[in-house]
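The values are calculated or read from the model by the stated rules, or taken from the named source; none is laboratory data. Predicted, not measured: the structure shown is a model, and the values here were computed from it. Note that we place each Cβ from the backbone using ideal geometry, even for glycine, and neighbour counts take in every protein chain shown.
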Amino acid sequence: MQLLLRWLITAASLVVAAWTVPGINITDQNGWFAVLVMAAVFGLVNAFIRPLLTLLSCPLVMLTLGLFTLVINAICFSFSAWIASSFFGAGFTVDGFFAALLGSIVVSIVSFLLSIFLPDANEQKRR
């Protein structure tokens, strides 16, 4: 249940990013399909590829005092959109690096704000 809620939160934050950031477009006639596919792909990329990129770029992350993680997030966001549109036919497109950078920031902020209302699984186990 927790995974489904996180997936829906990511999908909602992707909708907000597409609505607010110029350069992020949902071009599919069935927009919710594109958003849900993109949310699933984005979650998988963040789970498997982002840690590898962070590990490989550890010197740059340390040199920039963590600011290079914003670039890693933008790369993962753009890569997720490419996978979703190329392999799954989802009409979610990101035009350029700065759209990916702003989109990843918006997705992070909206996901954080929506996750505040999500009950914590560890707190429920203690009760």
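A few comments on the model shown:
- From the list L101, L114, the lone residue that is within 23 Å of A34 (Cα to Cα), modelled with pLDDT under 95 and surrounded by 14 or more Cβ atoms within 10 Å (Cβ to Cβ) is L114.
- Being within 19 Å of V16 (Cα to Cα), crowded, with 16+ Cβ neighbours inside 10 Å and modelled with pLDDT of 95 or more is a condition met by no residue of segment 53-60.
- Some residue of segment 114-124 being of a type outside the set (A, V, I, L, M) and in contact (Cβ under 8 Å) with a residue 60 or more places away in the chain: yes
- Within segment 68-99, tally of residues that are touching a residue at least 60 places away in the same chain (Cβ under 8 Å) and among the hydrophobic types (A, V, I, L, M, F, W, C): 5
- Test: residue in segment 46-61 that is in contact with an Asp or Glu (Cβ under 6 Å, 6 or more places away or on another chain) and of a type outside the set (K, R): no
- Note on segment 79-92: residues that are surrounded by 20 or more Cβ atoms within 10 Å (Cβ to Cβ) and hydroxyl-bearing (S, T, Y) amount to 2.
To keep it simple, each residue is scored yes or no on (1) surrounded by fewer than 13 Cβ atoms within 10 Å (Cβ to Cβ); (2) hydroxyl-bearing (S, T, Y); (3) more than 11 Å from the chain's Cα centre (by Cα); (4) in a helix (DSSP H, G or I).
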residue	(1), (2), (3), (4)
S13	no, yes, no, yes
N46	no, no, no, yes
P51	yes, no, yes, yes
M62	yes, no, yes, yes
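- Residues being of a type in the set (V, I, T), surrounded by 14 or more Cβ atoms within 10 Å (Cβ to Cβ) and modelled with pLDDT of 95 or more are entirely absent from segment 25-34.
- For segment 42-79, a residue qualifies if it is of a type outside the set (A, V, I, L, M) and closer than 18 Å to S111 by Cα, and the qualifying residues are F42, G43, N46, R50, T69, N73, C76, F77, S78.
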